[in-house]
Amino acid sequence: MHLPNYYDFYQKCLIPANETDSFLPAGQTHWLIALEGQLKEQEKEYYLWRVTLYPSNSEGCFSWNKALYSSSLYECIHKAFEHAKELEVNVKDSQFNFLKRQEKIS
């Protein structure tokens, strides 16, 4: 697994997909939620954080360039972590309403 441009990458536990998860590509069985840090100011080591949802296999292998969802950037890792917890609850319940919100924003 190669993650370009990421100084910090924190993945949460894998979430088994439900059979009804229509967004899951063939061969993938799980969801991986990650907090990804991007360096904003090198002198101060100041990071911005993004929450990303990747389709994965049961061992956690995923394609870094095939995310199903990426949040906007957070200036605080605690806010990003809160969003990751909300996303985890939604994914466990097969609720993908957050994808529609993202489509309206972009």
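Just a few scattered comments:
- Residue in region 17-26 that is among the charged types (D, E, K, R), surrounded by fewer than 13 Cβ atoms within 10 Å (Cβ to Cβ), within 22 Å of residue 100 (Cβ to Cβ) and without any contact (Cβ under 8 Å) to a residue 60 or more places away in the chain present: yes
- In region 47-69 there is no residue matching the filter, namely being out of contact with any strand residue (DSSP E or B) (no Cβ under 6 Å at 6 or more places or on another chain) and farther than 27 Å from residue 94 by Cβ.
- Criterion violated by residue 66 - all others in (1) of a type in the set (Lys, Arg); (2) in a loop (DSSP other than H, G, I, E, B); (3) within 18 Å of residue 13 (Cβ to Cβ) satisfied: (3)
Results for (1) modelled with pLDDT of 90 or more; (2) among the polar types (S, T, N, Q); (3) on the phi > 0 side of the Ramachandran plot; (4) not in a helix (DSSP H, G or I), shown as yes or no for each residue.
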position	(1), (2), (3), (4)
21	no, no, no, yes
28	yes, yes, no, yes
49	yes, no, no, yes
62	yes, no, no, yes
81	yes, no, no, no
87	yes, no, no, no
98	no, no, no, no
103	no, no, no, no
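- Residue within region 49-59 that is among the β-branched types (Val, Ile, Thr) and either within 17 Å of residue 29 (Cβ to Cβ) or in contact (Cβ under 8 Å) with a residue 24 or more places away in the chain (or both) present: yes
- Of all residues in region 3-62, those satisfying the criterion of being over 12 Å from the mean Cα position of the chain (by Cα), of a type in the set (S, T, N, Q) and more than 19 Å from residue 74 (Cα to Cα) are 18, 20, 22, 28, 29, 57, 58.
- Residue pairs whose Cβ atoms lie under 9 Å apart, sitting 6 or more positions apart in sequence or on different chains, and linking a residue in region 68-92 that is among the acidic types (Asp, Glu) to a partner that is in a helix (DSSP H, G or I), are 86/98.
Here's the yes/no breakdown for (1) out of contact with any Pro (no Cβ under 9 Å at 6 or more places or on another chain); (2) exposed (fewer than 13 other Cβ atoms within 10 Å of the Cβ); (3) of a type in the set (Val, Ile, Thr):
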residue: 13; (1), (2), (3): yes, yes, no
residue: 32; (1), (2), (3): no, no, no
residue: 38; (1), (2), (3): yes, no, no
residue: 44; (1), (2), (3): yes, yes, no
residue: 70; (1), (2), (3): yes, no, no
residue: 76; (1), (2), (3): yes, yes, no
residue: 84; (1), (2), (3): yes, no, no
residue: 91; (1), (2), (3): yes, no, yes
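The values are calculated or read from the model by the stated rules, or taken from the named source; none is laboratory data. Not measured: the values here are computed from a predicted model. Note: ideal-geometry Cβ built from the backbone for every residue, glycine included; neighbour counts use all protein chains shown.
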